[in-house]
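The values are calculated or read from the model by the stated rules, or taken from the named source; none is laboratory data. As the structure is a computational prediction, the values presented were derived from the model and not from experiment. Positions of Cβ are backbone-derived with ideal geometry, glycine not excepted, and every protein chain shown enters the neighbour counts.
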C-alpha cells in the first residue's frame, strides 16, 4: 500500500475510534441523582448544555451585601453572580477554580 494512503487511513481511524471518552462520563452526584445525558443535553446531536439548562435544577447564588474581605465563590466582587457556571464547573472533565486564574484560593470545585 501507498504510504500516503496508510497515513490517511490511520488519521481516519484516530478520528473515529479514539475520540475523547470523557463524553461518556458523568459526575457521581449527577449520576446518583438518576440523570441521563438527555436531561442536560436537550439538542440533537448533543451540544454543550447552556447555563439556563443547569438552572432547571440548580439555583443562582444570591448577591452578598458585605464581603468583609472574604471571597464568596458564587458571588465574585468582579463579576457578581453573573459568571457562567461553566467557568468553574465541568461535567465531562475536571472542574477548575476560575478565581485562581489571578488569585490563590482553596475552593473545592465539584
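Quick one: residue 52 ticks every box in (1) modelled with pLDDT of 85 or more; (2) assigned to a helix (DSSP H, G or I); (3) surrounded by 10 or more Cβ atoms within 10 Å (Cβ to Cβ) except a single one, so which number is it?
Of (1) modelled with pLDDT of 85 or more; (2) assigned to a helix (DSSP H, G or I); (3) surrounded by 10 or more Cβ atoms within 10 Å (Cβ to Cβ), only one is false for residue 52: (3).
Looking only at the stretch 1-46, count how many residues are closer than 23 Å to residue 94 by Cβ and modelled with pLDDT under 80.
Count: 8.
Looking at the stretch 76-104 only, could you name the residues that are closer than 20 Å to residue 62 by Cα and part of a loop (DSSP other than H, G, I, E, B)? Walk me through how you get there before you give the answer.
Pass one, the stretch 76-104, residues closer than 20 Å to residue 62 by Cα: 76-89, 97-99.
Of everything in the stretch 76-104, those that are closer than 20 Å to residue 62 by Cα and part of a loop (DSSP other than H, G, I, E, B) turn out to be 77, 78, 79, 81, 82, 83, 84, 88, 89, 97.
Looking only at residues in the stretch 62-77 that are out of contact with any helix residue (DSSP H, G or I) (no Cβ under 9 Å at 6 or more places or on another chain) and modelled with pLDDT of 75 or more, which one is farthest from residue 97 (Cα to Cα)? Break it down into steps so the answer makes sense when it comes.
Keep residues of the stretch 62-77 that are out of contact with any helix residue (DSSP H, G or I) (no Cβ under 9 Å at 6 or more places or on another chain), which gives 62-70, 72, 74-75, 77.
Filter once more, so that each one left must be modelled with pLDDT of 75 or more: 74-75, 77.
Numbers: 74: 11, 75: 13, 77: 15 Å.
Per the stated criteria, the residue is 77.
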